[in-house]
Amino acid sequence: MALAIMGSGGDAPGMNAAVKKFVDYCFEVGEEPWLIYDGLEGLIDDRMKKAQHSDVAGILHRGGCVIRSSRSERFYEYDYRKQAFENLQKHGIGGMVVLGGDGTFRGMDRFCHEFPINFVGIPTTIDNDIYGTDYCLGVDTALNTIREALDRIYDTASTFKRAFVVETMGRECGYLALISAISSGAEVCVIPEVEFNRPVVEARLRQEIAEGRNYILAIVAEGTKMTEKIAGWLEVEMGFETRVTVLGHVQRGGSPSSFDRMMAFEFVIEAIQYLLTGEASDKIVVWKGGGFSLLDIDTVVNNKYRLNPLHLSMLNLLD
Ligand code: F6P
């Protein structure tokens, strides 16, 4: 059977490892691997080809995605989705593995309700905001990138009497900020999921300052849109010379961690094995409680990801 892989939406470290394993594993089980270039845009415009080993040689350690990605406005229109389906049919593609996030899965959900597509999704986003999975491909590398940046900022912050506000990505999800704040020992963490209790945090900080604290590290999730506000508070109310660092797309790139590479391999094998069972597809492979399973795409896109209560409770810095 011809099987295709596509990346869509924001790229994440580990996508190349997934693409490589997809091609290698297809050959191993006697299936024909195809690569769809430029995400949904390429699917619409028929930018796809039968893969050879040489297409995926030497890509494992690289960030980004060699088959590229896109955020497609056109895919919102039925006529373009129909065109995309006809392209898949033309090449006899009997199953698709899609590396993507929430937006991609919403598009695929609509697509597979309209057309008979055999599709399995792999949650791939540094935001880690997909319902039903504890982990999305790429998040481990992004967390390590943030940790490294915070460790460096901590060095300079603790050398001066300064406050640093570091903004992390994540869209509406505070996962990156929360885990980074806990694992880096930040003094302040502001995420969209929890209302920032400024009087309580301020009282704690004032107490610590009275006891000798001379720097403050605040992690702010981009989804709160509070970066400047927090910086103003630290500067004006708390009396700290304050610097702001927006980590931005640095968080998206970089060589994938060993964990992300291994997870890419395992996600892909799960996805292909499922496609080959011939059961009704349109599923997302999820990683929950230390194991893989498959969820209906409807369940994934119609529910909201919630931060782990244990992680939230570890953020007692907030109160
Ligand atoms: O979804 C991944 C992500 O990196 C978000 O964290 C961020 O808000 C967004 O993509 C940035 O998108 P773009 O690369 O289109 O600017």
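The values are calculated or read from the model by the stated rules, or taken from the named source; none is laboratory data. Owing to the predicted nature of the structure, the values given are computational and were not obtained by experimental measurement. Cβ sites come from the backbone with ideal geometry, for glycine too, and all protein chains shown count toward neighbours. Protein only, heavy atoms only, side chains kept; ligands, DNA and RNA dropped before computing areas. Shrake-Rupley method; radii C 1.70, N 1.55, O 1.52, S 1.80 Å.
Label-point separation (nm) for residue 225 and residue 249, each offset 7 Å from Cα along Cα-to-Cβ?
2.3 nm
What accessible area per residue comes out for the stretch 7-107, rounded to a whole number of Å², with a 1.4 Å probe? Write out the running numbers ahead of the final one.
Numbers: 4090 Å² over 101 residues.
For the stretch 7-107, the per-residue accessible area is 40 Å².
Checking the a/c ratio against 1.5 first, then a/b against b/c, what shape does the Cα gyration tensor give for the stretch 1-148?
oblate
Hey, what's the stretch 142-252 come to in accessible area per residue, 1.4 Å probe, Å²? Intermediate results must be reported in sequence, preceding the final value.
Details: 5070 Å² over 111 residues.
On a per-residue basis, the stretch 142-252 sits at 46 Å².
Mind putting a number on the dipole of the chain about its Cα centre? Charges go on the C-beta only, +1 for Lys and Arg and -1 for Asp and Glu, and I need it in Debye to the nearest 20.
Details: 32 positive and 45 negative charges, 87 e Å.
Around 420 debye, computed over the chain.
How much of the accessible area of the stretch 142-252, in percent, comes from carbon and sulfur atoms when a 1.4 Å probe is used? Spell out each step's value before the answer.
Details: 2550 of 5070 Å².
Whole-percent figure for carbon plus sulfur exposure: 50.
Need the list of lysines near residue 304 for cross-linking: C-alpha distance under 17 angstrom, and skip anything on the same chain fewer than eight residues off.
By straight Cα distance, residue 304 reaches 283, 288.
How big is the antiparallel share of DSSP beta bridges in the chain, given as a percent to the nearest 5? Intermediate results must be reported in sequence, preceding the final value.
Values: 9 of 43 bridges.
Counting only bridges with both partners in the chain, antiparallel ones make up about 20 percent.
Give the Cα extents of the stretch 142-252 along the principal axes, in whole Å, largest first.
The Cα atoms of the stretch 142-252 stretch 38, 29, 21 Å along the principal axes, largest first.
Sort 52-61, 137-146, 35-44 for me by packing, meaning the mean count of neighbouring Cβ atoms within 10 Å per residue, highest on top.
137-146, 35-44, 52-61
Using the per-residue mean of other Cβ atoms lying within 10 Å as a proxy for protection, in what order, highest first, do the peptides 264-276, 207-219 fall? Present the calculation step by step, with values, prior to reporting the outcome.
Working: 264-276: 21.6, 207-219: 15.7.
Top to bottom by mean Cβ count within 10 Å: 264-276, 207-219.
Would you pull out the residues with amide H under 5 Å of residue 119's amide H, same chain only if 5 or more places away, H placed 1.01 Å from N?
The list, which skips near neighbours in sequence, is 96, 281, 282, 283.
Going by the alpha-carbon gyration tensor, a ≥ b ≥ c the square roots of its eigenvalues, is the chain rounded (a/c under 1.5) or, if a/c is not under 1.5, prolate (a/b greater than b/c) versus oblate? Working shown, then result.
Numbers: a/c = 2.52, a/b = 2.26, b/c = 1.12.
Here the chain falls in the prolate category.
Give the cross-link partners of residue 82 among the lysines, using a straight C-alpha distance below 16 Å as the criterion and excluding same-chain residues fewer than 8 apart.
Cross-link targets: 90.
State the Cα centre-to-centre distance between the stretch 1-80 and the stretch 241-319 in whole Å.
Measuring centre to centre over Cα atoms gives 19 Å.
Taking H as built 1.01 Å from N, whose amide H comes closer than 5 Å to the amide H of residue 7, not counting residues under 5 places away?
Long-range HN contacts for residue 7: 39, 99.
Counting only helical runs of four or more DSSP H residues, what would the 222 nm mean residue ellipticity of the chain come to if each run contributes -39,500 (n - 2.57) and the total is spread over all its residues? Before the final figure, lay out each step's value.
Numbers: 11 runs with 125 residues, N = 319.
Helix-only estimate at 222 nm: -12000 deg cm²/dmol.
Run through every distinct alpha carbon pair of the stretch 1-68 and return the Kirkwood hydrodynamic radius in angstroms, one decimal place. Display every interim value, and only then the final one.
Values: mean 1/r = 0.0841 Å⁻¹.
One over the average 1/r among Cα pairs gives 11.9 Å for the stretch 1-68.
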